[in-house]
Amino acid sequence: MTSKPSVLPLVAVSITLVLWASAFVGIRHLGGTVEPGALSLARLTIMVVALGLLVARNRRLQVPTRGEWPLIVAGGLGWFSIYNLALNASEQRIDAGTAALIVQVGPIVVALLATTLLGERLTRWTIVGTLVGFAGVAVIAQSSGTSAGDLVGVGLALVAALGFAVGVLTQKRLLTRLRALDLTFWFTVVGAIGCLPWAGQLAHTTGSASAGDLAWIVYLGIFPSAVGFVLWAYALSHADAGRFAQSTFLVPFLTALMAWALLDEVPPALAFVGGAMCIGGVLVSRRTPPRATTPLVDGEADVEKSAAAPS
């Protein structure tokens with residue numbers, strides 16, 4: 001009798017998408033009262049504590065080797081410090097849905113950097129996908145307005161996508177030995193250390209923020225961050241999760257719905273056109289030539305499947 005596939009990975013992915021979409025809304029909500037550096041440090045500190053408790057309870061923590069530490073530092077600073085700082089600053093200038101759309105070009109940046117840093121072949125699909133994706137960003141920028149603040153916000157969202165790409169590329173190397181949860185923990189530790197220059201800003205925020213803002217900060221650190229990453233890792237390790245990666249393209253649209261309901265804001269109509277172009281560009285860039293039949297090792301496969309940008 002054929003075993004029935006478990007529904008739990010699908011449930012885990014569904015929850016993760018909602019949590020990641022809510023993060024864009026939470027960041028946008030806090031943008032008027034909490035500075036980007038303070039929010040980044042607070043969120044990462046909470047995430048370190050949550051993941052640390054989980055690692056201590058479930059297994060012995062793997063310690064990176066001397067040769068792995070440079071990649072840990074690059075990935076932690078890129079994916080957690082730079083990504084969070086840039087995204088938080090971006091959402092002070094543009095709406096949550098638009099920021100979520102722009103961040104979706106992250107996988108295209110991964111494909112471009114992989115050709116230089118990992119020696120992967122630059123295919124015509126990568127070139128076409130890149131052109132389409134960044135044309136989509138240009139459309140989004142046009143729809144967001146012509147003010148300097150709006151354009152800076154679009155640029156910062158692109159910086160966030162770049163930080164994400166650096167994190168994915170380093171993760172691709174490290175997952176061949178390190179477990180996903182342990183690697184995420186070390187990335188988060190490095191990311192939190194990278195945000196320590198804003199410790200004074202965080203202390204001031206903690207003393208002056210409202211109870212509602214503090215609740216949002218705790219929520220962002222625990223649910224979209226710690227819980228979201230753990231659920232995503234669970235889905236990747238317990239199912240054929242390749243198809244789940246493309247489901248992350250739902251995040252911008254879930255974000256837009258939440259932002260409309262909670263913040264009374266919706267991206268301009270043209271931004272959705274640009275977002276569709278970004279997503280189309282990513283899908284095109286991921287096409288593999290027919291003769292590419294060499295399988296990835298387990299760790300690399302997980303990263304290829306998960307090359308979509310969470311918040």
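Other residues with beta-carbon under 13 Å from the beta-carbon of residue 154 carry, at +1 per Lys or Arg and -1 per Asp or Glu, a net charge of -2.
The fraction of accessible area contributed by carbon and sulfur in region 44-163 is 66 percent, rounded to a whole number (1.4 Å probe; ligands and nucleic acids excluded).
Computed from backbone phi with θ = phi - 60° and the Karplus coefficients 6.51, -1.76 and 1.60, the 3J(HN,Hα) list for region 162-167 is 5, x, 4, 4, 4, x Hz; x is used for glycine and proline. Coupling constants for region 39-55 follow from the phi torsions by the Karplus curve (6.51 cos²θ - 1.76 cosθ + 1.60, θ = phi - 60°), and in residue order they are 5, 4, 5, 4, 4, 6, 5, 5, 5, 4, 5, 5, 5, x, 5, 5, 5 Hz; glycine and proline get x. Looking at region 73-221, the accessible area is 38 square angstrom per residue; that uses a 1.4 Å probe and ignores ligands, DNA and RNA. A simple rule links phi to the HN-Hα coupling: the Karplus curve 6.51 cos²θ - 1.76 cosθ + 1.60 with θ = phi - 60°, which for region 59-75 gives 6, 6, 6, 6, 9, x, 6, 4, x, 7, 4, x, 5, 4, 5, 4, x Hz, with x for Gly and Pro.
Among 183, 158, 10, what's the order by accessible area (1.4 angstrom probe), most exposed first?
Values: 183 0, 158 50, 10 90 Å².
The residues order as 10, 158, 183, largest area first.
Electrostatic bookkeeping for residue 60 treats Lys and Arg as +1 and Asp and Glu as -1; over the other residues with beta carbon under 12 Å from its beta carbon, the sum is +2.
The values are calculated or read from the model by the stated rules, or taken from the named source; none is laboratory data. Keep in mind that what you see is a predicted model, and the values were worked out from it rather than measured. Virtual Cβ from ideal backbone geometry, glycine too; neighbours counted across all protein chains shown. Keep in mind that these areas ignore ligands, DNA and RNA; they rest on the heavy atoms of the full protein, side chains included. Shrake-Rupley method; radii C 1.70, N 1.55, O 1.52, S 1.80 Å.
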